[in-house]
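The values are calculated or read from the model by the stated rules, or taken from the named source; none is laboratory data. In this text the structure is predicted, and so the values were computed from the model without any measurement. Positions of Cβ are generated from backbone atoms using ideal geometry, with glycine treated the same way; all protein chains shown enter the neighbour counts.
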Amino acid sequence: MIHLSNITKQHGSQVLFKEASFQVLPGSRTGLVGPNGAGKTSIFRIITGEEEVDSGEITCAKKTTIGYFSQDVGDMSGRSALEEVMAGSAETVRLSAELKLMEAAMCEPMEDDEMAALLERYGTAQEDFEHRGGYDLDTRAQTVLTGLGIGPDRFHHPVETFSGGWKMRIALAKILTLKPDVLLLDEPTNHLDVESIIWLEEWLANEFDGALLMTSHDRDFMNRIVTRIIEVANKTVTTYGGNYDFYERERDIRLEQLLSSHKRQQDMLAKEEEFIARFAARASHAAQVQSRVKKLEKIDRIEIPPEERTVRFEFSEPPRSGDDVVVMKDLGKSWHTPDGQLKSVFSGVSGIIRRQNKIAVVGVNGAGKSTFLKVLAGQTQASSGSVSLGANVELGYFSQHAMEVLEPRKTVFETVQDAMPLANIGVIRNLLGSFLFQGDAVDKRIENLSGGEKSRVVLATLLARPVNFLVLDEPTNHLDIRSREVLLETLRKFSGTVVLVSHDRHFLRLLVDRVFEIDHGEMRTYEGDYEYYLHKVHG
């Protein structure tokens, strides 16, 4: 379907990949992985024709429709949510209009050969229309939008009224509705809640029969969808048969084998070089020395890939809090809607969060999870009831909003320095280094950072203070799989208390020991881990 043969791509002085080859075959399900900056997005852009290769060949079967969902949704305006989704299938809509015109023309008298030509054109257009799923386009658009959390009551809302995260869903719905032959998805789960992620998994498994190439930081999602991994790293592209877990195991095995081969080669080279050095000046050994020099020149040197830098989260041992970290009595929160109605987000919440609890707050999008966290963190006032923190509780709060309120003109260094004014430069640089800000990167302004970099800055400011109660709203959102694993391990070892919202099921499964579910304004407590909660709710 799509063949990339011996492609080479360079950005400035950085070689992304050299003479790399791989294929996207009909119906294949492939995960694209590799460190940030390795060239994953370039692969997508090369396939769509947005970027050229420096050398090599790309061949694509005729009439292949490619759908590309990227994190850059562009401008959306002047349409309703449903119209925006339908607009992505413009060619299908055009074919529908063309078929109607041809059907009307067939009712008019014409010459036999004219009619034959028209029927042939009609047959070709109809075949194309059917291939694109034209007959159920409208139903599909509505089904996909609903599955991604935008129900019929919001189909006709103007796209301008949706927030950035919801616009991402509309952009994703647009690409899925197109039902392309090749679907390229760059982080499709970033702005989805667990329900929408599960819906997307099922849709890709049951409704989509094209080829899929995707990146995702969600390990569970990757494992359930893909059967092949393409790794972009160390200036090359490597294919692994299997899901993400298989790839991790296989990659480690291959690295071990490479290290042993490298060691054997180094030992051999050392011996040869020692012989050359010892006998270079002796005429009697000149022929042997020359022969060995030539042999060494021809040897392909085994290169060890540089170790991938990963974030290192390390909480200093926090001061011990009282056993009751939070006490809630009849806690409630209401908002005034734009039309003046009072809407209850949740009410009547009573309970105790105990020291060292690791609690997940779950519920559908819009249920009030983030609002509940804001009330706990003192970022917004409760409308009724009370919430009180226990003795010696030092609270740290992380949210996407915290990323938005970072001062854009300040540098990374200044931002963290503000959080720890008494620390010396070395301490601040060490902390930033563990979040992958090294050298000149500490002087980057906040306004020039990516979402992932801003997320790391906020987490660094959290770690700058000795907190024993962490309230985390989607802390994994912009972190790659490796960084998520490191954060997960750190939170498991953390001796304080954690309350968090996350749509990463792998993360929740391995971390939490209690679950609070917000559903239609009520909160239910499950005294068990995430698997226990799923069993109780879904059976």
For this session: Just name the residue that is surrounded by the fewest Cβ atoms within 10 Å (Cβ to Cβ) out of those in region 497-528 that are among the acidic types (Asp, Glu) and under 22 Å from GLN400 (Cα atoms).
Result: GLU517
Exercise. With respect to GLY67, is the statement that it is at positive phi, buried (at least 16 other Cβ atoms within 10 Å of the Cβ) and touching a strand residue (DSSP E or B) at 6+ places or on another chain (Cβ under 7 Å) true?
Worked result: no
Problem set entry | Some residue of region 286-303 being under 30 Å from MET168 (Cα atoms) and in contact with a Ser or Thr (Cβ under 6 Å, 6 or more places away or on another chain) | no
Exercise. Does ARG278 satisfy the criteria of being exposed (fewer than 12 other Cβ atoms within 10 Å of the Cβ), more than 37 Å from the chain's Cα centre (by Cα) and more than 28 Å from LEU500 (Cβ to Cβ)?
Worked result: yes
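Among the residues of region 329-340, are any of a type in the set (Phe, Trp, Tyr) and either within 14 Å of VAL499 (Cα to Cα) or buried (at least 17 other Cβ atoms within 10 Å of the Cβ) (or both)?
Just the residues of region 329-340 that are of a type in the set (Phe, Trp, Tyr), to begin with: 335.
Narrowing the set further to residues that are either within 14 Å of VAL499 (Cα to Cα) or buried (at least 17 other Cβ atoms within 10 Å of the Cβ) (or both) leaves none.
Within region 329-340 (the criterion being of a type in the set (Phe, Trp, Tyr) and either within 14 Å of VAL499 (Cα to Cα) or buried (at least 17 other Cβ atoms within 10 Å of the Cβ) (or both)), the answer is no, since none of the residues qualifies.
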For this session: Return the total of residues in region 19-39 being at pLDDT 90 or above and either within 18 Å of ALA205 (Cβ to Cβ) or not polar (S, T, N, Q) (or both).
Result: 13
Exercise. What number of residues within region 476-522 are under 21 Å from GLY452 (Cβ atoms) and among the aromatic types (Phe, Trp, Tyr)?
Worked result: 1
Exercise. Which one is surrounded by the most Cβ atoms within 10 Å (Cβ to Cβ), of the residues in region 142-156 that are in a helix (DSSP H, G or I) and over 24 Å from the mean Cα position of the chain (by Cα)?
Worked result: GLN142
Exercise. For residues in region 206-217 being within 23 Å of LEU25 (Cβ to Cβ) and either among the acidic types (Asp, Glu) or out of contact with any strand residue (DSSP E or B) (no Cβ under 9 Å at 6 or more places or on another chain) (or both), which is surrounded by the most Cβ atoms within 10 Å (Cβ to Cβ)?
Worked result: GLU207
Exercise. Out of all the residues in region 227-252, which are over 17 Å from GLU485 (Cα atoms), loosely packed, with under 15 Cβ neighbours inside 10 Å and without any contact (Cβ under 8 Å) to a residue 40 or more places away in the chain?
Worked result: GLY241
For this session: Could you tell me whether any residue of region 151-164 is β-branched (Val, Ile, Thr), under 22 Å from GLY363 (Cα atoms) and modelled with pLDDT under 95?
Result: no
Exercise. Are any of the residues in region 491-510 at positive phi, of a type outside the set (Phe, Trp, Tyr) and either outside the structural domain of GLY368 (by TED's automatic domain parsing) or part of a loop (DSSP other than H, G, I, E, B) (or both)?
Worked result: no
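Considering every residue within region 294-303, establish whether at least one is surrounded by 12 or more Cβ atoms within 10 Å (Cβ to Cβ), outside any helix (DSSP H, G or I) and either at pLDDT 85 or above or touching a His at 6+ places or on another chain (Cβ under 9 Å) (or both). Steps first, answer last, please.
Going residue by residue through region 294-303, those that are surrounded by 12 or more Cβ atoms within 10 Å (Cβ to Cβ) are 296, 302.
After this cut, where a residue has to be outside any helix (DSSP H, G or I) as well, the list is 302.
With either at pLDDT 85 or above or touching a His at 6+ places or on another chain (Cβ under 9 Å) (or both) added as a condition, the list becomes 302.
The answer is yes; a qualifying residue exists.
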Exercise. Of the residues that sit in region 207-247 and are in contact with a Phe, Trp or Tyr (Cβ under 8 Å, 6 or more places away or on another chain), over 23 Å from TYR68 (Cβ atoms) and not in a helix (DSSP H, G or I), which one is modelled with the highest pLDDT?
Worked result: TYR240
For this session: Inspect region 477-490 for any residue being in contact with a Leu (Cβ under 8 Å, 6 or more places away or on another chain), closer than 25 Å to VAL349 by Cβ and either surrounded by fewer than 22 Cβ atoms within 10 Å (Cβ to Cβ) or not small (Gly, Ala, Ser) (or both) and give the result as yes or no.
Result: no
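When you go through ALA360, ALA382, ALA377 one by one, which is the residue that is farther than 16 Å from VAL498 by Cβ, surrounded by 15 or more Cβ atoms within 10 Å (Cβ to Cβ), of a type in the set (A, V, I, L, M, F, W, C) and at pLDDT 90 or above?
On the way: ALA360 fails: farther than 16 Å from VAL498 by Cβ; ALA377 fails: farther than 16 Å from VAL498 by Cβ.
None of the others qualify; the one that does is ALA382.
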For this session: Looking for whichever is among the acidic types (Asp, Glu), under 30 Å from LYS18 (Cβ atoms) and crowded, with 20+ Cβ neighbours inside 10 Å here; the options are ASP181, ASP220. Which one fits?
Result: ASP181
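Could you grab me the full set of residues in region 443-461 that are closer than 17 Å to PHE313 by Cα and of a type outside the set (Ser, Thr, Tyr)?
Quick first cut of region 443-461, residues closer than 17 Å to PHE313 by Cα only: 452-461.
Those that are closer than 17 Å to PHE313 by Cα and of a type outside the set (Ser, Thr, Tyr): GLY452, GLU453, LYS454, ARG456, VAL457, VAL458, LEU459, ALA460.
Helices (runs of 4 or more DSSP H) wholly in region 321-439 with at least 3 residues that are without any contact (Cβ under 8 Å) to a residue 40 or more places away in the chain, out of contact with any helix residue (DSSP H, G or I) (no Cβ under 6 Å at 6 or more places or on another chain) and in the same structural domain as PHE507 (by TED's automatic domain parsing) - which ones?
Working: elements: 369-376, 400-404, 412-419, 425-434.
Filter on region 321-439 gives 425-434.
If you go through region 400-416 one residue at a time, do you hit one that is among the small types (Gly, Ala, Ser), closer than 19 Å to SER370 by Cα, modelled with pLDDT under 85 and more than 18 Å from the chain's Cα centre (by Cα)? Can you show your working first?
Within region 400-416, the first condition is being among the small types (Gly, Ala, Ser), and the residues that meet it are 402.
Checking the rest, the ones that are also closer than 19 Å to SER370 by Cα come to 402.
From what is left, the residues that are modelled with pLDDT under 85 are 402.
Checking which are more than 18 Å from the chain's Cα centre (by Cα) leaves us with 402.
Yes.
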Exercise. Only one residue in LYS9, LYS18 is among the charged types (D, E, K, R) and either within 23 Å of the chain's Cα centre (by Cα) or closer than 23 Å to PHE69 by Cα (or both), so which one is that?
Worked result: LYS9
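Given the criterion in the same structural domain as ARG228 (by TED's automatic domain parsing), not in a strand (DSSP E or B) and not basic (Lys, Arg), identify the matching residue among ILE197, ILE175, ILE170. If you could, list the steps in order and put the result at the bottom.
Values: ILE175 fails: in the same structural domain as ARG228 (by TED's automatic domain parsing); ILE170 fails: in the same structural domain as ARG228 (by TED's automatic domain parsing).
Residue meeting the stated conditions: ILE197.
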